[in-house]
Amino acid sequence: MDRSSLLQLIQEQQLDPENTGFIGADTFTGLVHSHELPLDPAKLDMLVALAQSNERGQVCYQELVDLISSKRSSSFKRAIANGQRALPQDGLLDEPGLGVYKRFVRYVAYEILPREVDRHWYFYRHRSCPPPVFMASVTLAQIIVFLCYGARLNKWVLQTYHPEYMKSPLVYHPGHRARAWRFLTYMFMHVGLEQLGFNALLQLMIGVPLEMVHGLLRISLLYLAGVLAGSLTVSITDMRAPVVGGSGGVYALCSAHLANVVMNWAGMRCPYKLLRMVLALVCMSSEVGRAVWLRFSPPLPASGPQPSFMAHLAGAVVGVSMGLTILRSYEERLRDQCGWWVVLLAYGTFLLFAIFWNIFAYDLLGAHIPPPP
């Protein structure tokens, strides 16, 4: 509903004539019903729970504004949790007569969110527009780039062994560190069909639901932070190696989601969660093991070092730190949380260190990097 029109109606009805900052929950609920205002059922339930957390049965005006604005502060969440009246516990699984898309939205809610109140909140306020375009666009771009280079090189597996592959302007190569765009664009290149398939599958199965729940801005920030951290970590820890593939971003998303599931294990309602957790860890570990094997025991003769595996590990670290902070803050303002600023400060410090390292350390240490293609 329109926030400004509702707040104007509250002022016209003089629900808070003494300017105390509080509004009676029963009075407001009656106003909603008498004017047939389309307030989401989940929001009405939360409004009552907020009022029950106040000894006078009132809700704070600012909390009401936050509720209507679909943004919740930490104090708002605590008031909900401490309410004397429990929120309705009937699950969304019992909702009858849902269409195909609404059933998919319900599935996403149970896959991603650990609390029934958050699942209700997401289910009732979800809109199909805008769609989760970021993960879909990145995956499509990666597939197109792979097909173009596969047709050009006539090679679909272990493309990095082709002498022309490393000449791509997208690949990160230590000899081209001054071309700063390569620290990000390497995510569009892949070693072969097996790496592309693994990354694309996880981006669609985990990245798209995460973007549907947490929004384009947060998930794109997490993904790109993992990609950037991956190439910068390789430039510090494996100075002679190039980097290809979107594994830094993929591992940031996956590790954040898995860590969030573990920390909210009792509340997660996704089916077969233990089995799926084990399978995800096995697949991710296998992909890292394969990258280590290709780096140190290349199966074919190569003109230079093969791509590093450190981007996978760096992405996982970003996911457990920054990603977990984002996923635990569903519909809450990140800027209001101290932990978010701590994570940003740590990431910013790492970026500054990595930039100075790339400018000065290679010459100071006399690193022997392979000649750029």
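The values are calculated or read from the model by the stated rules, or taken from the named source; none is laboratory data. As the structure is a computational prediction, the values presented were derived from the model and not from experiment. Cβ: placed from backbone, ideal geometry, glycine included. Neighbour counts: every protein chain shown. Remember, those area values only see protein heavy atoms, side chains included, never the ligands or the DNA or RNA. Shrake-Rupley method; radii C 1.70, N 1.55, O 1.52, S 1.80 Å.
One line per residue, one yes/no per condition, for (1) open to solvent by less than 60 Å² (accessible area, probe 1.4 Å); (2) touching a Gly at 6+ places or on another chain (Cβ under 7 Å); (3) closer than 24 Å to residue 245 by Cα; (4) not in a helix (DSSP H, G or I):
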{"position": "286", "(1), (2), (3), (4)": "no, no, yes, no"}
{"position": "349", "(1), (2), (3), (4)": "no, no, no, no"}
{"position": "355", "(1), (2), (3), (4)": "no, no, yes, no"}
{"position": "360", "(1), (2), (3), (4)": "no, no, no, no"}
{"position": "367", "(1), (2), (3), (4)": "yes, no, no, yes"}
{"position": "371", "(1), (2), (3), (4)": "no, yes, yes, yes"}
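When you check residue 164 against the structure, is it closer than 16 Å to residue 373 by Cα and not small (Gly, Ala, Ser), yes or no? In short, yes. Contact annotation: residue pairs with Cβ atoms under 8 Å, 6 or more positions apart or on different chains, pairing a residue in region 219-230 that is farther than 13 Å from residue 323 by Cα and open to solvent by less than 10 Å² (accessible area, probe 1.4 Å) with a partner that is among the hydrophobic types (A, V, I, L, M, F, W, C) and not in a helix (DSSP H, G or I), are 230/243. Scanning region 242-284 for residues that are part of a loop (DSSP other than H, G, I, E, B) and touching a His at 6+ places or on another chain (Cβ under 9 Å), we see that the one that is farthest from residue 227 (Cα to Cα) is 242. Being modelled with pLDDT of 90 or more and aliphatic (A, V, I, L, M): is that true of residue 158 here? Judged against the criteria, residue 158 is not a match.
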